[in-house]
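Student: To start, I am sharing the structure in question, which I have written as C-alpha cells.
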Amino acid sequence: MAWNTPRTWATNEVLTSANMNTYVSDDLSWLGSVRPHCQVRDATGPTGTESWVNPSWDAITTNVGSMAASSTGFVTAPTAGFYLIGASCTFGSDGTAGVRALMLSSAATGGGTVYCQSNTTHHVGNASGAVATTMLQMGASTSVYAATFVPTGFAGGVTNIRMWAIWMTT
C-alpha cells in the first residue's frame, strides 16, 4: 500500500467504495501504521578523533519502509516527502577541552550539505549531550547521515547515539 495524493472531489460526483477505499481508508491506514519511520541506535561511538565520524548502527528498533540498515550511519527515504529527522547522543565525562558536536548532513563524515548541528562545550567532570532535529524535504532514495565530533585526546566516549525519522507529508 502506498500514499495516494488526496483526491479533489467534484460537485455531484458519485461516491464509490473504490474511491473511498483508495483515498480515505488506505491513506488513513498508511498514516497510522505504514508510513515510513525508523529509529536506530549505536551504543558506543568514537573517542579522540578530531574529525566527523558516522555511527555504525548496532540496533534498529523500528524500521517501517526499510529506511535503515545496520552499520551504515544513515537513514534513507523510501518515498518522497517531508521528513522530521533527529539525532541525539551523550558525550562522556572527560577532562579534555574542546567542542563536542552532533550533525545531520547529506554525506558521510559531515560532508555535503549540513542540515543541522548541535555543539556542546567542555564540562569538567560531567557528561553532556547533544540533540539535532530538522524538517527536511527528501526525494525517494535520499539519505541523511548522522556524525559526531570530539576533540583530540577525548577519552570520555560517545554513547547512546540515536537517530530517527518519520515521513510527515508530501
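The values are calculated or read from the model by the stated rules, or taken from the named source; none is laboratory data. Bear in mind the structure is a predicted one, so any value in this text is a computation, not a measurement. Because the Cβ atoms are built from the backbone with ideal geometry, glycine has one as well, and the counts that use them run over all protein chains shown. Only protein heavy atoms, including side chains, enter the accessible area calculation; ligands, DNA and RNA are left aside. Shrake-Rupley method; radii C 1.70, N 1.55, O 1.52, S 1.80 Å.
Student: Measuring with a 1.4 Å probe in the full set of protein chains, what accessible area per residue, in whole Å², belongs to the chain?
Tutor: Details: 8120 Å² over 170 residues.
I get 48 Å² per residue for this part.
Student: Based on Cβ point charges of +1 for Lys and Arg and -1 for Asp and Glu, what charge dipole magnitude is obtained for the chain about its Cα centre, in debye rounded to the nearest 20? Each step should come with its number before you reach the end.
Tutor: Numbers: 5 positive and 7 negative charges, 16 e Å.
That gives a dipole near 80 debye.
Student: Of the accessible area of the stretch 1-47, with the probe set at 1.4 angstrom, what percent is carbon plus sulfur? Before the final figure, lay out each step's value.
Tutor: Numbers: 1590 of 3030 Å².
For the stretch 1-47, the apolar C and S fraction of the accessible surface comes to 53 percent.
Student: If you don't mind, there's one more thing I want to ask. Among 9-21, 55-67, what's the highest-first ranking by average C-beta atoms within 10 angstrom per residue?
Tutor: On the way: 9-21: 8.7, 55-67: 16.6.
Ranked from most to least packed, the peptides come out as 55-67, 9-21.
Student: At 20 °C and 1.002 mPa s, grab the translational diffusion coefficient of the chain from Stokes-Einstein with a Kirkwood Rh over Cα pairs, rounded to a whole number in µm² per second.
Tutor: Working: Rh = 17.4 Å.
For the chosen part, D equals 123 µm²/s.
Student: I want the local charge near Pro6. Using Cβ-Cβ distances under 12 Å, sum +1 for each Lys or Arg and -1 for each Asp or Glu among the other residues. Provide the component values of the computation, followed by the final result.
Tutor: Details: positive: Arg7; negative: Asp26, Asp27.
That works out to -1.
Student: If I model a spin label as a point 7 Å beyond the Cα along the Cα-Cβ vector, how far apart are those points for Val14 and Thr120 in nm?
Tutor: 6.3 nm
Student: Pop out the Kirkwood hydrodynamic radius of the stretch 112-170 from its pairwise C-alpha distances, inverse of mean 1/r, in Å to one decimal. Intermediate values should be presented prior to the final figure.
Tutor: Numbers: mean 1/r = 0.0704 Å⁻¹.
Roughly 14.2 Å, rounded to one decimal.
Student: What relative contact order, as a whole-number percentage, does the chain give when Cα pairs under 8 Å and 6 or more residues apart are counted? Show your work: numbers first, answer last.
Tutor: Numbers: 451 pairs, mean separation 52.6, N = 170.
Contact order relative to length: 31 percent.
Student: GNM on the chain, C-alpha springs below 10 Å: top fluctuator among Gly92, Gly157, Gly112?
Tutor: Gly112
Student: Also, quick follow-up: So how far, in whole Å, is the C-alpha centre of the stretch 135-162 from the one of the stretch 1-37?
Tutor: Computed from Cα coordinates, the inter-centre distance equals 36 Å.
Student: Would you mind checking the stretch 20-51 for residues with the amide N under 12 Å from a putative spin-label position 7 Å along Cα→C-beta of Thr61?
Tutor: From the stretch 20-51, the list is 38-43.
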